[in-house]
1. Just the ratio, please: alpha-carbon radius of gyration of the chain over 2.2 N^0.38 Å, N its number of residues.
2. Taking the Cα centre of the range 177-363 as origin and charging only Cβ (+1 Lys, Arg; -1 Asp, Glu), how large is the dipole, in debye to the nearest 20?
3. Run the simple label-point estimate for Gln341 and His149 please: 7 Å along Cα→C-beta, distance reported in nm.
4. Among rounded, prolate and oblate, which fits the range 307-366 when a ≥ b ≥ c are the square roots of the eigenvalues of its C-alpha gyration tensor, a/c under 1.5 means rounded, and a/b larger than b/c means prolate?
5. Given contacts defined as C-alpha pairs under 8 Å and at least six residues apart, what's the relative contact order of the chain, whole-number percent?
6. If I fit a long axis through the Cα atoms of helix 353-363 and take the longest principal axis of the Cα atoms of the chain, what angle between them do I get, 0 to 90°, rounded to 10?
7. Taking each pair of distinct Cα atoms in the range 164-237 once, what is the resulting Kirkwood hydrodynamic radius in Å?
8. Which one of His232, His251, His149 has the biggest mean-square fluctuation once the chain is modelled by GNM with Cα springs under 10 Å?
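Just so it is clear, none of the values below were taken in a lab; they were calculated from the coordinates. Given the structure is predicted, the values throughout are model-derived calculations rather than measurements. Backbone-built Cβ (ideal geometry, glycine too); neighbour counts: all protein chains shown.
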Amino acid sequence: MPSVIPVSLPQNSYTVAIASNSLETLGAQLQPLNLGQKVLLVSNPEISRHYGDTAIASLEGAGFDVATCILPAGEEHKTPATLQTIYDAALDHRIERSSTFIALGGGVIGDMTGFAAATWLRGVNVVQVPTSLLAMVDAAIGGKTGVNHPRGKNLIGAFHQPRLVLIDPQVLQTLPDREFRAAIAEVIKYGVIWDADLFAQLEQASRLDQYSALSPDLIHLILTRSCQAKAHVVSQDEKEAGLRAILNYGHTIGHAVESLTGYKAVNHGEAVAIGMVAAGQLAVALDLWDQTSCDRQSALIQKAGLPTQIPATVNLDEIVVSLQSDKKVAAGRVKFVLPTQIGAAIVTDQVPAATIQQVLHACQAN
């Protein structure tokens, strides 16, 4: 059953459309949006091989003039240097202010394409067509775009809302199991910070570690409830002035672990899982959360086949240093998102350094 989720903003509202086989209707769905005739489709080799022809045929069938830009896959290529490839393609194909960039891929493609769209000719349209579960439930919605700096993740970026987010669950069939598991971390995140019923539904699932082990109904529920949570928060706080910061649950320590392991040994979702375990332990240590809820979270993360411990190879002192360069630092104090119950969380900078050190040591593998 198709779902259409509104993202209501003071300006630039849009919808998230979820429907099986909707990639074939991409062109038709863009026609009413007045996006200009020229589009630049940005993807990577693997995604383009699976879905590029379908997307291009749909766009051309609807009368769009399509150019393509294929970027190398991987978080290590999410850099200002790679952005230049998109800018070059936009120049080569005479992309205009009225034109549209289309991101066909996971979070890396979506973030880079969005940032390129925000900055090319001071801003052109962007449409997000996420092909990974992580991008579907998180990165494609909300307008956060950016690239990494060698010393930190997403330090260079801009808010640039898409005109449409088109989600086709069928493309998840080709998603590697590790990437599927990584995305379940973000789904669990929504359950912990916002949606206790989603958390309970995940607890009832027999398995969460493989796409093929989940029913189509559960996949649809995961997509719909996660997108609704993200859309609801973004609608209330577009530029992360307050409430939206809760979406960073698990990301503060998670980003540090991800960065210090070179974005490969531990991927984004795995790092968020580790970060959620650590944040849960911080919340317990500060008497904000009960141990039973913390244990339920850890059990769900383990059911998804995700790591719960900081790798032994990571220097904990380097995590502390990395926390200080996090985007969420204000007046030198690190802000943490900490749960208060299943379905609710707060943002606080009142976390003693000694408590952080204690929890980091407790969460590290031997």
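1. 0.95
2. Rounded to the nearest 20 debye, it is 200 debye.
3. Taking the simple label geometry, Gln341 and His149 are separated by 4.0 nm.
4. oblate
5. Once divided by the residue count of the chain, the mean separation gives 15 percent.
6. That works out to roughly 80 degrees.
7. Kirkwood hydrodynamic radius for the range 164-237: 12.9 Å.
8. His149
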